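Working notes for the structure below.
Laboratory data are not the source of any read-out in this text; all were calculated from the coordinates shown. Just so you know, these numbers come straight off a predicted model, no measurement behind them. As a convention, Cβ positions derive from the backbone with ideal geometry for all residues, glycine included, and neighbour counts pool all protein chains shown.
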There are 2 protein chains.
Amino acid sequence: MVVRGDVRQEVGARIRELRKSLDISQEELADLADLHRNYIGSIERGEREAGLNTMARLAGALGLSLADFFAPFRHPVKPRRG
Amino acid sequence: MVVRGDVRQEVGARIRELRKSLDISQEELADLADLHRNYIGSIERGEREAGLNTMARLAGALGLSLADFFAPFRHPVKPRRG
């Protein structure tokens, strides 16, 4: 079974939800994570796929470890073969 | 405080450890994840930074969700401010 799917939408939604729970703007999050605000926007919309270091910075700016950030991502991803 | 650090080494070591615990080669993992074997090697050595979809495929090929894969990554990443 081929691995399918795209986690960008789910990751973007998680970032947006966490950001709003902190009541900060994309610009403020960008400043905290030392990333460009437009980049945050495109990640939140699921348009871009963040790399791992960007994810670590975003999680950190949101006050979370990577473990905490990905804690809800519990669905199994099917490998290509058994 | 500026966000520092690079998670590539830690991620690469985690993939290698999981792969060896399953007793599969880089080639077998590459086949399961539908990635090139050389790419797996460079990620395991911390030379490359995987994107999130690649991580999801690798985790899936190793039999884990992203939550499981990142569960040990519990250290906080300091945000730039606050």
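Of all the residues that make up region B:51-62, how many are among the polar types (S, T, N, Q) and either surrounded by 24 or more Cβ atoms within 10 Å (Cβ to Cβ) or at the interface with chain A (Cβ under 8 Å from one of its Cβ atoms) (or both)? Working first, answer last.
Our first condition is that a residue be among the polar types (S, T, N, Q); within region B:51-62, this holds for B:53-54.
Still in the running and either surrounded by 24 or more Cβ atoms within 10 Å (Cβ to Cβ) or at the interface with chain A (Cβ under 8 Å from one of its Cβ atoms) (or both): B:53.
Going through region B:51-62 one residue at a time, the tally reaches 1.
Can you tell me which residue within region B:11-50, out of those that are touching a residue at least 12 places away in the same chain (Cβ under 8 Å), surrounded by fewer than 17 Cβ atoms within 10 Å (Cβ to Cβ) and among the aliphatic types (A, V, I, L, M), is nearest to B:Pro72 (Cα to Cα)?
For region B:11-50, the residue satisfying everything is B:Ala13.
I'd like the full set of residues that are surrounded by 18 or more Cβ atoms within 10 Å (Cβ to Cβ), in a loop (DSSP other than H, G, I, E, B) and within 12 Å of the chain's Cα centre (by Cα), limited to region B:66-77.
Within region B:66-77, just B:Phe73 meets the criteria.
Mind checking which residues of region A:30-59 are in a helix (DSSP H, G or I) and under 15 Å from B:Ala50 (Cβ atoms)? Spell out the reasoning first.
Step one: list which residues in region A:30-59 are in a helix (DSSP H, G or I), which gives A:30-33, A:37-44, A:52-59.
Once the filter is applied, which keeps residues that are in a helix (DSSP H, G or I) and under 15 Å from B:Ala50 (Cβ atoms), region A:30-59 yields A:Leu52, A:Asn53, A:Thr54, A:Met55, A:Ala56.
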